1. Taking the Cα centre of the range 28-87 as the origin and placing charges on Cβ (Lys, Arg +1; Asp, Glu -1), which of L59, S77, A34 is farthest toward the positive end of the dipole?
2. Considering only C-alpha atoms, what is the centroid distance from the range 14-28 to the range 48-116, in Å?
3. Any idea what the relative contact order of the chain is, in percent, if you count C-alpha pairs under 8 Å spaced at least 6 apart?
4. Check the chain and count each lysine pair with an alpha-carbon distance under 15 angstrom, considering only pairs eight or more places apart or from different chains.
5. For a distance above 25 Å, tell me the whole-number percent of Cα pairs in the chain that qualify.
6. Could you pull out which residues in the range 21-41 have an amide N less than 17 Å from a spot 7 Å beyond the Cα of K69, following the Cα-Cβ vector?
7. Quick one: helix 100-109 against the long Cα principal axis of the chain, what's the angle to the nearest 10°, folded into 0 to 90?
8. Rounding to the nearest 10 and keeping the result within 0 to 90°, find how far the Cα-based axis of helix 16-30 lies from the longest principal axis of the chain.
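No value in this document is a laboratory result; all are computed from the given coordinates. Just so we're clear, the structure is a prediction, and the values are computed from it rather than from any experiment. When we count neighbours, we look across all protein chains shown, and the Cβ atoms used for this are built from the backbone with ideal geometry, even at glycine.
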Amino acid sequence: MQALKVVLHIDEIEKWPLNIGNAKNFITDIGQEAFSMEIIANGPAVKIFSSPSPEQQLLLEELQLLAEKGVKLMVCSNALRANQIVAAELPRFTTIVPAAITRLVVLQQAGYSYVKP
């Protein structure tokens, strides 16, 4: 069977728990089935990477666990610049993309299902 492909979009910092919950629920539900998942962060959602609160630090730890399961976390360069966040502040498991909008379009054209909480 072909791998299930999903892209989770997040642009609101307060929606991180829901976004992470969606990712975890998806992985739990499909079990051993192959998947390809990307979480794409832009807008104010990228603020989680700059001086995270204790609650946000826990979310970052959950994101790292998802990354260890093969989930890719893409972060928009434009959003980083708009929020005065430098690349050095990002965790190692993230990848910077030039524009989240372009990445979203490319993935949808490649057959990824789009989910936004």
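1. Result: S77, furthest along the dipole toward the positive end.
2. 14 Å
3. Averaging sequence separation for qualifying contacts and normalising by length gives 36 percent for the chain.
4. Close lysine pairs under the 15 Å cut-off: 10.
5. The proportion of pairs with Cα distances above 25 Å equals 16 percent.
6. It comes to 21-40, nothing else.
7. Compared with the principal axis, the helix lies near 10 degrees.
8. Its long axis makes an angle of about 20 degrees.
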